[in-house]
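Have a look at the structure below before the remarks.
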Amino acid sequence: MSTSPLFEMLLRGALDRAFGAGDDPAFAAAPGRCTLVGEHVDYAGGLVLCVAIDLEVMVAVRVASGSLDRVAVGDRRFAREGPLRAAGAGYVFAAADALRHRGLEIPPVEVATTASLPAAAGLASSAAVIGATLVALLRLQGASLTAAELIDAAYAAEHDILGVPSGRLDEHAIVESPEGGAILLDCAAGTVSDVPWALDDVVLCVCDTGERHSVAGVGYRDRRAEAEAALHAAGLGNAQHVGAAAAIPELADPTLSRRLRHVVSETRRAAAAAEALRCGDAAALGTLMTESQRSLRDDMEVSTPRLDAVVEASVAVPGCLGARLVGAGFGGSVIALVRSSAAGACVDAMQVAAGEGSSAFVVHPSAGLAFTAGDAVTRV
Ligand code: GLA
């Protein structure tokens, strides 16, 4: 994914307006991600089937005239002062710090950002801001990282520097997804395998419900802690440690029992979904997506009435094969797997169900940074 000349011109103008004329900037763009099946299992050593999507965050970076990192987002300006926050410009500052911590010489920088990817909508906008900033900074310095190092740096920015308790799903998806295909991520082994998108007349519809969510919030932190406690109580190292056909253990604590049922069953569904995608079985993939939603609603308890309503409205559209919330939940977006001929009807139904402040659109699997970042990211 590369920035277009038009966006480069806009970002250059944004830098000049915000901070005055300066050196030539370096540019980069990073995609968002959609999980197909495998939500809330990355931190539990489960399996995740996901794609990068053709909505992106674009950044321009240049050496600063002063001694502080500064960021322009639209008409707003932020200077690097005080502790970093997991929001907006905080992701940019954290990305610069992650490279400095790795020993790269990163001078104070001025950064402008823009996006077609909605923020805080469950589509990994924070990982995309961090990923695009990292690549632009590498280009500015004529430096490079391997794909694995880029994932580590992006994760360090969000998790270690900003203290967000996320797993590694988003970073893997936006770096390692192949053009027009999905990846199956094994979060216990840290390995990734490509899964070609073998579905001809099927697209993904996304509805950003307008209900905002935050991975830095207490809901996500609690669910992660409960899932980890449930695995521990069951004596399991990770969500793959229950054999494929074995019964999922019941725990004395009903909440922990539900969390365990989610991480184990969702991991099984992700494996089955990868098989369905490989075989071009869209109906089976859609069914697994809707089952995933039920588990996220009833066992993980991360859905909301609005997300449920959008899922129900989607699956009621003839030609919609399945739908589920995407990302951490507690708000954000719904994705639906839909026959191409029904995409318009599904997008309309989603938007009506989500109500004011929502938007719905079709997205396509897209390439991650390992394939688009040229010399800044090497694939080894
Ligand atoms: C957020 C986190 C990811 C993952 C998902 C839920 O996107 O950043 O690590 O846990 O939620 O699957």
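Only the coordinates and a few stated rules stand behind these numbers; no lab work does. Please read these numbers as outputs of a predicted model, since none were measured by experiment. Positions of Cβ are generated from backbone atoms using ideal geometry, with glycine treated the same way; all protein chains shown enter the neighbour counts.
With an 8 Å Cα cut-off and a minimum separation of 6 or more residues, compute the relative contact order for the stretch 202-364 in percent.
On the way: 280 pairs, mean separation 60.2, N = 163.
The value is 37 percent.
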In a GNM of the chain with a 10 Å cut-off on Cα contacts, which of A52, A96, A173 has the highest mean-square fluctuation? A96
Fraction of alpha-carbon pairs in the stretch 15-107 farther than 21 Å apart, rounded to whole percent, equals 48 percent
Whole-Å distance linking the alpha carbon centroid of the stretch 318-336 with that of the stretch 237-314 is 13 Å
Share, in percent, of DSSP beta bridges within the chain that are antiparallel, nearest 5: 90 percent
Simple label model, 7 Å out from Cα along Cβ direction - R221 to D348, nm: 4.5 nm
Degrees, to the nearest 10: 89-101 long Cα axis against longest axis of the chain: 80 degrees
What do you get for the angle between helix 125-141 and the principal long axis of the chain? Use alpha-carbon atoms, 0 to 90 degrees, nearest ten. 40 degrees
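Can you give the Rg to Rh ratio of the stretch 114-218, both from alpha-carbon atoms, with Rh computed by the Kirkwood formula? Walk me through the numbers before you get to the answer.
On the way: Rg = 15.0 Å, Rh = 15.4 Å.
Ratio of gyration radius to Kirkwood radius: 0.98.
Just the C-alpha atoms of the chain: what Rg/Rh do they give, with Rh taken as the Kirkwood radius? Show your work: numbers first, answer last.
Details: Rg = 20.2 Å, Rh = 20.8 Å.
In the chain, Rg relative to Rh is 0.97.
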What is the pair-distance distribution P(r) of the stretch 202-364, computed from all Cα-Cα distances in 5 Å bins starting at 0, with each bin given as a whole percent? 1, 10, 17, 19, 18, 15, 11, 6, 2, 0
Taking the Cα centre of the chain as the origin and placing charges on Cβ (Lys, Arg +1; Asp, Glu -1), which of G319, N238, G103 is farthest toward the positive end of the dipole? G103
From the backbone phi of the stretch 360-372, what are the Karplus-calculated ³J(HN,Hα) couplings (6.51 cos²θ - 1.76 cosθ + 1.60, θ = phi - 60°) in whole Hz, Gly and Pro given as x? 9, 7, 9, 10, 10, x, 9, 7, x, 5, 4, 9, 10
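What's the Kirkwood radius of the stretch 323-365 in Å, using all Cα pairs? Write out the running numbers ahead of the final one.
Values: mean 1/r = 0.0901 Å⁻¹.
Value: 11.1 Å, from the Cα pair sum.
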